[in-house]
Amino acid sequence: MRGSKQDLGKDAKGKKIADPTQMPRTAFEAAKITDEPWHELKKGPASDIEFHKAITKAKTAAKGKLGQALYVYDAAGEESLETASKFLSADGKSGFAVKNDGDIVSVFNFSDRPNAGLSAL
């Protein structure tokens, strides 16, 4: 049926119109972005240090501008993510934090896990 999800017809040039509900999944699959099972770290100094170590290793391992662009917050103190919710993948090679105001920060992944951090978004 014309106009349904299955058949959206063709544009003025005769090109088939893509179903927009399928495009995001296709784009994620093309970029090899998978659904990552995220584990929220418990709030506290040990978790703050665990997250800090993981993101610092990722930054150090990154080459070129990618590593330089990753901002690493302090493990503790005023410039830290102590009050943020922090998440790591099961292997600790990707992660992110969500500040109290909802900002997603410190999204990272190791180079052997390309695009893994994007599944956080």
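The values are calculated or read from the model by the stated rules, or taken from the named source; none is laboratory data. The shown structure was predicted, so the numbers you read here are calculated from the model rather than taken from an experiment. Positions of Cβ are generated from backbone atoms using ideal geometry, with glycine treated the same way; all protein chains shown enter the neighbour counts.
In table form, for the structure just shown:
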{"read-out": "Filter pass, Ser119 being surrounded by 16 or more Cβ atoms within 10 Å (Cβ to Cβ) and modelled with pLDDT of 90 or more", "value": "no"}
{"read-out": "Some residue of the stretch 26-36 being modelled with pLDDT under 90, in contact with a Phe, Trp or Tyr (Cβ under 6 Å, 6 or more places away or on another chain) and of a type outside the set (S, T, N, Q)", "value": "no"}
{"read-out": "Pair list, Cβ < 7 Å and 6+ apart or interchain, from the stretch 38-52 residues that are in a helix (DSSP H, G or I) to residues that are of a type in the set (Asp, Glu)", "value": "Asp48/Glu82"}
{"read-out": "The stretch 67-87 residues that are touching a residue at least 40 places away in the same chain (Cβ under 8 Å) and at negative phi, paired with ones that are in a helix (DSSP H, G or I) and among the charged types (D, E, K, R) (beta carbon under 8 Å, 6 or more apart)", "value": "Lys86/Asp48"}
{"read-out": "Odd one out for Gly67 among (1) under 12 Å from Trp38 (Cβ atoms); (2) not in a loop (DSSP other than H, G, I, E, B)", "value": "(1)"}
{"read-out": "Residue count, the stretch 70-115 (criterion: of a type in the set (Ser, Thr, Tyr) and assigned to a strand (DSSP E or B))", "value": "4"}
